[in-house]
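A.B. asks: Pasting in a structure now, in structure tokens, and then I'll have a few things to ask.
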There are 2 protein chains.
Amino acid sequence: MKEGPDIARLGSLIGDPARANMLTALMSGKALTASELALEASVTVQTASAHLGKLNAGGLLRQRKQGRHRYFALADEDVGHLLEGMMGLAARKGHMRTTTGPRDPAMRKARVCYNHLAGELAVHMFDGLVAKGHLLETGDELELTAGGRALMAGLGIDLEAIGSSRRPLCRACLDWSARRSHLAGSLGVALMERFCQLGWARREAGTRAVVFSARGEKEFLRTF
Amino acid sequence: MKEGPDIARLGSLIGDPARANMLTALMSGKALTASELALEASVTVQTASAHLGKLNAGGLLRQRKQGRHRYFALADEDVGHLLEGMMGLAARKGHMRTTTGPRDPAMRKARVCYNHLAGELAVHMFDGLVAKGHLLETGDELELTAGGRALMAGLGIDLEAIGSSRRPLCRACLDWSARRSHLAGSLGVALMERFCQLGWARREAGTRAVVFSARGEKEFLRTF
DNA sequence: ACAATACTTCGATTATGATCGAAGTATGAA
DNA sequence: TTCATACTTCGATCATAATCGAAGTATTGT
């Protein structure tokens, strides 16, 4: 008799293309309605509803009803983290969905990975922090140095506040488009928010791509 | 047009119960024959062969032919790591396969998680190392202290040799049975091997359970 | 109140993929 | 050489689950 976690169930939940597309869309970290997710998955709303019911029953989603609208989001960061991991392995194994579309350059450059910045700019930041000795890296282990803490303070990041959460401060997250690490963890999240507050970057509706202004990108590259 | 990694493909590869059972069996870190895997999955050899073909095409396996025998193993540590992560999330979400069989206590106590020790004893070791200040823990970040290095040297672990690999020295791995961390990384691997060398523990054929002798367990508990 | 919108549920359809018996190929032992 | 064993491949079967049209429920706007 087999015992232990049922990875087959989890795998099959993610293994349907429509459901995978919805989960991927929710990696934006935003909550989307059933109708929006149906569009993401290119299925009818009724089909999407059935799928969302399964993902919800499996604990992968959380939902909030707002009047006639039902908003769905990934259940928690653990789910996001697993999906990231799957994306990374899929990319490493060459499981890429077909086409390099017009959006692809934008996604490769900068996008949201659930709650932190990913893409070439994010990788640049990670590498820059490491190269300048602001971030100490031993494999997956990351620690912010005194210089790094000063840099963050200068950016307006309150390390005391974000360091108190259960989430690790710094975590390396493998960037599937660049095949190198970018910064996750509570610092990664805080930085994503901060870039938007500073007006360096903004989120576009309906996509995970993050758009940096010319000035914002210049400041970003100057900083990291 | 959707672009990016195809997590649906990966999910569906893992999402079949027979294939999931085989992957789980391969978490032992050993290479198994097609016939053995067929038994693990409770399917015929021909069915197993078809499944193994798919897993192989998906890059999740590596194989080695030895005379009439074809040995299959997980492709690499990345695959093991993802499967661990899925087990952890499945456990957290309550996706548990049914029964607590006679082997369950043994599996809960000590088992192999791809290449390092897991289970209650492994969690005890992790917690002991942290409590005694041998291991510094900040979230997922782990660092061996000088005291910890001395302890390992005393155990006969050559930290220079194992520290040079690409793999992190210390990595926390969530133990699905105990719901707490155990030690992975190259140190985790080396410790697993060392326990067997010392005669404290041994592997049993056909299972991931690790059997500690009475003396071995006493030594283990005294050490950690 | 009525119409529009956002879902959820039901039921029939059908494509898909797991399954195993049969057959074939490769290797090892007697 | 023959027989046994370890697979791989083929083809037919069939269970399953995704799918959407239809219908129903809930909310919002006019």
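A.B. asks: Tell me which of B:Val43, B:Leu26, B:Gly59 sits at the most positive position along the dipole axis of region B:7-75, charges placed on C-beta atoms (Lys, Arg +1; Asp, Glu -1).
C.D. replies: Comparing the listed Cα positions along the dipole, B:Gly59 ranks first.
A.B. asks: Given a 1.4 angstrom probe, what's the average accessible area per residue across region A:80-223, in square angstrom?
C.D. replies: On a per-residue basis, 44 Å².
A.B. asks: Residues of region B:1-44 losing 40 Å² or more of accessible area relative to the isolated chain, 1.4 Å probe, heavy atoms only?
C.D. replies: Residues losing area: B:Met1, B:Lys2, B:Glu3, B:Gly4, B:Pro5, B:Asp6, B:Ile7, B:Ala8, B:Leu10, B:Gly15.
A.B. asks: Right, another one. Amide H to amide H, which residues 5 or more places from A:Arg70 or on other chains are under 5 Å from it, using H placed in the peptide plane?
C.D. replies: Placed amide hydrogens put A:Ala34 under 5 Å from A:Arg70.
A.B. asks: Along each of its three principal axes, how wide is the spread of alpha-carbon positions in the protein assembly as shown, in whole angstrom units, largest first?
C.D. replies: Per principal axis, max minus min of the Cα coordinates gives 65, 52, 44 Å.
A.B. asks: Ok, one more. Dipole magnitude of chain A about its Cα centre, charges +1 at Lys/Arg Cβ and -1 at Asp/Glu Cβ only, in debye to the nearest 20?
C.D. replies: Here the size comes out at about 640 debye.
A.B. asks: For B:Thr145, list long-range residues whose amide hydrogen, built 1.01 Å from N in the peptide plane, is under 5 Å from its own amide hydrogen.
C.D. replies: Residues meeting the amide H criterion: B:Leu135, B:Leu136.
A.B. asks: Leaving out ligands, DNA and RNA, and with a 1.4 Å probe, what % of the accessible surface on the protein assembly as shown is carbon or sulfur?
C.D. replies: 50 percent
A.B. asks: Here's something else I'd like to know. Report the accessible surface area buried between chains A and B, summing both sides, using a 1.4 Å probe on protein heavy atoms only, in Å² rounded to the nearest 100.
C.D. replies: Working: alone 12210 and 12220 Å², together 19750 Å².
So the total buried area for this chain pair works out to about 4700 Å².
A.B. asks: Could you provide, to the nearest whole Å², the per residue accessible area of region A:7-75 with probe 1.4 Å?
C.D. replies: The answer is 45 Å² per residue.
A.B. asks: Taking the Cα atoms only, what angle lies between the long axis of helix A:120-131 and the longest principal axis of chain A, rounded to 10 degrees?
C.D. replies: Tilt of helix A:120-131: around 40 degrees.
A.B. asks: In addition: Could you work out [θ]222 nm for the protein assembly as shown from helices alone, using -39500 (n - 2.57) per DSSP H run of at least four and dividing by all its residues? Round to the nearest 500 deg cm²/dmol. Write down the numbers at each step before the final one.
C.D. replies: Working: 22 runs with 220 residues, N = 448.
Computed ellipticity for the protein assembly as shown at 222 nm equals -14500 deg cm²/dmol.
A.B. asks: Just list whichever of A:Lys30/A:Lys54; A:Lys93/B:Lys132; A:Lys54/B:Lys109; A:Lys93/B:Lys30; A:Lys109/B:Lys93; A:Lys54/B:Lys30 have alpha carbons separated by over 31 Å in the model shown.
C.D. replies: The pairs that break the limit, which is 31 Å between Cα atoms, are A:Lys93/B:Lys132; A:Lys54/B:Lys109; A:Lys109/B:Lys93; A:Lys54/B:Lys30.
A.B. asks: Using the alpha-carbon atoms, what tilt in degrees (0 to 90, nearest 10) does helix B:45-57 show relative to the longest principal axis of chain B?
C.D. replies: The angle comes out at about 70 degrees.
A.B. asks: I would also like to ask the following. Enumerate the amide H contacts of A:Ala172 below 5 Å, restricted to partners 5 or more residues apart or on another chain; note that Pro and chain-start residues carry no placed amide H.
C.D. replies: A:Ala184
A.B. asks: A further question on this structure: Checking buried surface per residue: for region A:64-98, which residues lose a minimum of 40 Å² accessible area in the protein assembly relative to the chain alone (1.4 Å probe)?
C.D. replies: SASA drop of 40 Å² or more in region A:64-98: A:Asp78, A:Leu82, A:Met86, A:Leu89, A:Lys93, A:His95, A:Arg97.
A.B. asks: Please quote Rg/Rh for chain A to two decimal places, taking the Kirkwood radius as Rh and restricting both calculations to Cα atoms.
C.D. replies: Working: Rg = 18.3 Å, Rh = 18.6 Å.
That ratio is 0.98, to two decimals.
A.B. asks: Output the 0 to 90 degree angle, nearest 10, between the alpha-carbon long axis of helix B:77-92 and the longest principal axis computed from the alpha carbons of chain B.
C.D. replies: 90 degrees
A.B. asks: Shifting gears a bit: Tell me which of A:Ala153, A:Ala8, A:Tyr71 sits at the most positive position along the dipole axis of chain A, charges placed on C-beta atoms (Lys, Arg +1; Asp, Glu -1).
C.D. replies: The Cα lying farthest towards the positive end belongs to A:Tyr71.
The values are calculated or read from the model by the stated rules, or taken from the named source; none is laboratory data. From a predicted model like this one, the values you see are computed outputs, not experimental measurements. So basically every Cβ, Gly included, is an ideal-geometry build from the backbone, and we count neighbours across all protein chains shown. Calculation scope for accessible area: heavy atoms of the full protein, side chains included, ligands and nucleic acids excluded. Shrake-Rupley method; radii C 1.70, N 1.55, O 1.52, S 1.80 Å.
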